[in-house]
Amino acid sequence: MKPHAAFLGLGAIGRPMAGHLARAYDLSVWNRTAARAEEFARATGARAAATPRDAATGAAVVLTCLPTSAEVEALLEGPDGILAGVPEGALFLDCTSGDPESAGRIARKLEARGVAFADCPVSGGTNGAEAGTLTVMVGADGPTFERARPVLAAFGKRIEHLGPVGAGSALKAINNALLATNILAFGEGFSGLAKAGVPVRKALEVLNASSGRSFVTEGLVPDRVLTGAFPNTFRLALLEKDVGIAVRFLESQGVQSPVLHRVAELFRIARRELGEGADYLEAIRLQERRSGVEIRG
Ligand code: NDP
């Protein structure tokens, strides 16, 4: 018989992650919009739970993948919350890109109920989630990490223990702050090149053989920006949240961050202008509009 697991949060990245778990576990899923959980259950054979409590009841492992730590904390509480169902001795893995402080609070709350906790944010995007090749950044004590590793291997390829609870969230926030910085810097630089009449695809190829290249210029721009495709894979609102977490984390460490403060501010403005549904690379389209140019080729 397969062990019982629960997965809460079937969003853009949570759904394909849960899809891998459905093969290895007797899986219960819960989603705020119940129709998504029901559709997932029909497609995979998992069970759609009526409440977070129902999902967590009897589960050896509970996984969450929600927008922010605030939603995770909220789902723990109340008569229908996770804490009301999760059995003592279970393992709780939060794959949300959350914040280190909340991770500590959640861990303490669960520990008081005999439940081990790890923050396990992921990197690799929806493609990586579909392929089961995500990088997982884990914050936990050693024994909890060893328990978590085989579960995370269902959707992760590189699974790394970064330190105690909160360490995974801290690295993820810094990673995404650098991603956000590269997006904006690319948009500025290539708006200028496009305006000057430099052929942008050729310029990108040369850049990608040079020292200014990044994941943005190699992995995202060719198929999503130069083509004008801009698919929806990761909400800009979530990246804005991540840069905010990074800046607050750096403040908590007494590290000055004038560059990332500015990036955070620019993403706050972009979120306000583009709304909650916009994809993260729409930040480049906003720069294009302001510059009166399109980076296509
Ligand atoms: P989505 O916005 O696509 O999905 C969010 C999920 O959270 C949905 O299941 C949504 O339910 C649920 N949700 C939203 N608000 C609440 C609430 N108040 N109470 C309960 N459930 C709620 O996000 P993603 O799947 O893209 O991202 C999830 C996490 O993973 C985020 O922390 C993000 O930063 C991170 N991440 C995302 C990546 C990506 O490429 N998309 C890559 C790496 C990390 P409903 O269906 O009802 O809306």
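Can you work out which of the residues in segment 245-258 that are outside any loop (DSSP other than H, G, I, E, B) and more than 10 Å from the ligand (Cβ to nearest atom) is farthest from the chain's Cα centre (by Cα)?
P258
The conditions are (1) on the phi > 0 side of the Ramachandran plot; (2) more than 14 Å from the ligand (Cβ to nearest atom), and V151 fails exactly one of them. Which is it?
Of the numbered conditions (1) on the phi > 0 side of the Ramachandran plot; (2) more than 14 Å from the ligand (Cβ to nearest atom), the odd one out for V151 is (1).
List the helices (runs of 4 or more DSSP H) inside segment 1-114, counting only whole elements, that have at least 1 residues being more than 14 Å from the ligand (Cβ to nearest atom) and of a type outside the set (A, V, I, L, M, F, W, C).
Hits in segment 1-114: 14-24, 34-44, 52-56, 100-111.
Could you give me the residue pairs with C-beta distances under 7 Å whose first residue belongs to segment 217-244 and is closer than 17 Å to S191 by Cα and within 12 Å of the ligand (Cβ to nearest atom), whose second residue is open to solvent by less than 30 Å² (accessible area, probe 1.4 Å) and in a loop (DSSP other than H, G, I, E, B) wherever it lies, and which are 6+ apart or on separate chains?
L220/L281
Do we find that V206 is assigned to a helix (DSSP H, G or I), open to solvent by 40 Å² or more (accessible area, probe 1.4 Å), among the hydrophobic types (A, V, I, L, M, F, W, C) and at pLDDT 95 or above in this structure?
In short, yes.
Right, R262: assigned to a helix (DSSP H, G or I), open to solvent by 80 Å² or more (accessible area, probe 1.4 Å) and not small (G, A, S) or not?
In short, yes.
Given (1) open to solvent by 70 Å² or more (accessible area, probe 1.4 Å); (2) acidic (D, E); (3) touching a Gly at 6+ places or on another chain (Cβ under 6 Å), identify the lone condition not met by D80.
(3)
Residue under question is T217, and the condition is that it be open to solvent by less than 30 Å² (accessible area, probe 1.4 Å), assigned to a helix (DSSP H, G or I) and either under 18 Å from L63 (Cα atoms) or of a type in the set (D, E, K, R) (or both); does it hold?
no
For A140, are the conditions met, namely being over 30 Å from L286 (Cβ atoms) and touching a Lys or Arg at 6+ places or on another chain (Cβ under 8 Å)?
no
As an exercise: evaluate G128 against (1) open to solvent by 10 Å² or more (accessible area, probe 1.4 Å); (2) small (G, A, S); (3) part of a helix (DSSP H, G or I) and give the number of the one condition it does not meet.
Among (1) open to solvent by 10 Å² or more (accessible area, probe 1.4 Å); (2) small (G, A, S); (3) part of a helix (DSSP H, G or I), the lone unmet condition for G128 is (1).
Name every residue in segment 149-173 that is among the aliphatic types (A, V, I, L, M), crowded, with 17+ Cβ neighbours inside 10 Å and not in a strand (DSSP E or B), in order of residue number.
Matches in segment 149-173: V151, L152, A154, V165, A167, A170, L171, A173.
If we keep just the residues of segment 23-42 that are touching a residue at least 24 places away in the same chain (Cβ under 8 Å) and surrounded by fewer than 22 Cβ atoms within 10 Å (Cβ to Cβ), which is nearest to E88 (Cα to Cα)?
Only one residue fits best here, namely D26.
The values are calculated or read from the model by the stated rules, or taken from the named source; none is laboratory data. What you are looking at is a predicted structure, and each value in this text was computed from that prediction instead of being measured. Note that we place each Cβ from the backbone using ideal geometry, even for glycine, and neighbour counts take in every protein chain shown. Surface accessibility is based on the protein's heavy atoms, side chains included, excluding ligands, DNA and RNA. Shrake-Rupley method; radii C 1.70, N 1.55, O 1.52, S 1.80 Å.
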